[in-house]
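The values are calculated or read from the model by the stated rules, or taken from the named source; none is laboratory data. Values in this document were obtained by computation on a predicted structure and should not be read as measured data. Here Cβ is always computed from backbone atoms with ideal geometry, including for glycine, and neighbour counts include all displayed protein chains. These accessible areas exclude ligands, DNA and RNA; they are computed on the full protein's heavy atoms, side chains included. Shrake-Rupley method; radii C 1.70, N 1.55, O 1.52, S 1.80 Å.
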Amino acid sequence: MVSTDTVDVLIAGAGPVGLTAAVELRRRGIGCRVVDRLPERLPYAKAVGIQPRTLEIWDRMGLVRAALEAAVPMLGQLTYVNGAERPRVELALPPEVPYGFAALPQYETERILDEFLARFGSRIERGTELVGFAQDADGVTSRLVTSSGAQEEVRSRYLVGCDGAHSAVRKGLGLGFEGGAFPEEYMLGDVELDWDMPHGYGVRAMHLGADGAVDDVLVCIPLPGRGRYRISSMVPPELRTAARAESGDGVAHGLDGGAGPSLSHLQDVLDRLAPRPATACALRWSSVFRISHRIVDRYADGRVFVAGDAAHIHPPTGAQGMNTGIQDAYNLAWKLALAIQGGARPELLASYDTERRPVGVEVVGRTVRHAAEGVQADPDDPGTVMLREAQLLIGYRGSPLVGPPEEGGGADGDGPRAGDRAPDCGGLTGHITAHPLRLYDLLRDRGHVLLLYAGGDGEPGETGADGFPALAATARDVSLGRVATCVVLPDAAPAGAGDTMTLPVYRDRRGEFARQYAARGRTAFLVRPDGYLSARLQPPTAGELASRLALVFQV
């Protein structure tokens, strides 16, 4: 057995979740190794739905352009019951949301993240499996086995398990993984369809039996490529795998290792349920699919963490799984980076479980309900349902990182509060740029950002104890320079306002920032690296800002 030098973070699993964690750590200068037991990327279009919130995350990471060029838009869903068309679902979002819904095969998502990770000099160590680990007060010692059978011992400060539903990291920690399994089995196939259905729309066709229950179903999700879809349906009797023993951990989830459906199996379902004549061809891959719904009892134990399917599995309804896992990794990575760099409060890493496990519980519960009753059974209004499915309503208002709820509210209770997602807006102009900017342009490739809005009760350049330069100095001093600061001026501000400041100044030419953030006076917004508000202070004071920063940074 060969010992290696200590690495900051060891990541087990090179799917979208593990790669997101690796990219975020490397972007922040943190050393990491990514190992995966598979010898190569699987060519399966498993998770295909990309939520608008994930695209916002990729925007801030700097890789959204590659994803947009590879994906296809998801415009809505066409539903048919016993051959009769039901009302069309349009995946429409408010105009201020910068991205819509998209479809992208999982192997393309992994390719994009892998290529982006390579820019930082890191690569996936393929054919390398984590077979055991032990942690102590100072780090984690992991045992790896390579494809050649060689054994290696790795010492890391932290270990992150992104190794799927049968996670070795989760088992090694002895975490509970409670839930249940669906008796139904489904078959998946990646094919080309020759039919005349509208482009960009998913198709769901169901047959109801005499008792009103669904006894046959066909779901078709568009993929990049001419006439290409991932189709799923119930399995025919000859392909059922229920008699097979479950894996050793009692979890049956995902693509089955048995025989997949043939093109004729998929064509039979199309002949029965497709709303218009359809011919399938060019079968790329197929499989039988089983699903469970489970969640761990905690997302972390000491220096070891789990994320993605290692922490939560649930029905694929609404394409929530991979996107939720990506947000797990995004939430964890900036906290790990700050802890490793030495600027974090000791309690910062504990907030990963505090913030993300409630999200996992909610997603598992909601997708199970939707799988049984349909999204249309959700009691909320359609607009709220759409925002939730887009993962734009996820927030951390109860988090210890944002302070008491009563201190996080906006003016008159409107606008985003501490713990809420920081919304985007357009129409910002600088002194040099000839075109308007989006707020997300100012946040991209940064850590914490302090946004100072200059309202009507004082000039932005005032140098008093609570003037904007003084507030910026407070943020800089408390965070050891890890907080960037920008000033946003209302368009009605005097022509020379902000000219004497040393801070970046942008004008809110169209009033979108003031409207989206309900900013009516001098206000400070502290935006976290993952795009959520740490604080909303109106009016801001240096003392209040310092106390909010002290929830994250070691003072």
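Here are a few things to note about the model shown:
- Over the chain, relative contact order from alpha-carbon pairs under 8 Å, at least 6 apart, %: 14 percent
- Nearest-ten-degree value, helix 263-273 long axis tilted from longest Cα axis of the chain: 80 degrees
- Within the chain, percent of DSSP bridges classed antiparallel, to nearest 5: 70 percent
- Dipole magnitude for the chain: computed about the Cα centre from +1 point charges on Lys and Arg Cβ and -1 point charges on Asp and Glu Cβ, it is near 840 debye.
- Helix axis angle, 321-341 relative to the chain longest principal axis, alpha carbon, degrees: 40 degrees
- Distance from the C-alpha centroid of the range 191-230 to that of the range 147-173: 39 Å, rounded to the whole angstrom.
- Computed [θ] at 222 nm, deg cm²/dmol, the chain (DSSP H ≥ 4; -39,500 (n - 2.57); rounded to nearest 500): -7500 deg cm²/dmol
- Net charge of Cβ neighbours under 11 Å - reference ALA205; Lys, Arg +1; Asp, Glu -1: +2
- For the range 86-178, the Cβ-based charge dipole about the Cα centre amounts to some 140 debye (Lys, Arg positive; Asp, Glu negative; other atoms uncharged).
- Derived scalar couplings between HN and Hα for the range 285-290 equal 6, 8, 6, 8, 10, 10 Hz in order, rounded to whole Hz, by the Karplus curve 6.51 cos²θ - 1.76 cosθ + 1.60 (θ = phi - 60°), x for Gly and Pro.
- At full extension, ALA492 and ASP381 could sit 36.3 nm farther apart than now, given 0.36 nm per residue minus the alpha carbon distance.
- Percent accessible area from carbon and sulfur atoms, the chain, protein chains only, probe 1.4 Å: 51 percent
- Computed lengthening from GLN341 to LEU208, 0.36 nm per intervening residue step minus Cα-Cα distance: 42.1 nm
- Extension gain (nm, one decimal) between ASP271 and SER148, 0.36 nm per residue minus Cα-Cα: 39.5 nm
- Label-point separation in nm, LEU393 to ARG126, each point 7 Å along Cα→Cβ: 4.2 nm
- Ranking THR146, GLY209, GLY164 by Cα position along the charge dipole of the range 140-251, where only Lys, Arg, Asp and Glu carry charges on their C-beta atoms, puts THR146 farthest toward the positive end.
- Net +/- balance of residues flanking GLY227 in space, Cβ distance below 15 Å, scoring K and R +1, D and E -1: +1
- Shape class of the chain from the alpha-carbon gyration tensor: oblate, with a/c at 1.5 or above and b/c at least as large as a/b.
- Accessible area per residue in Å² at 1.4 Å probe, computed on the range 1-57: 34 Å²
- 0 to 90° range, to nearest 10: angle between helix 351-373 axis and the chain longest Cα axis: 40 degrees
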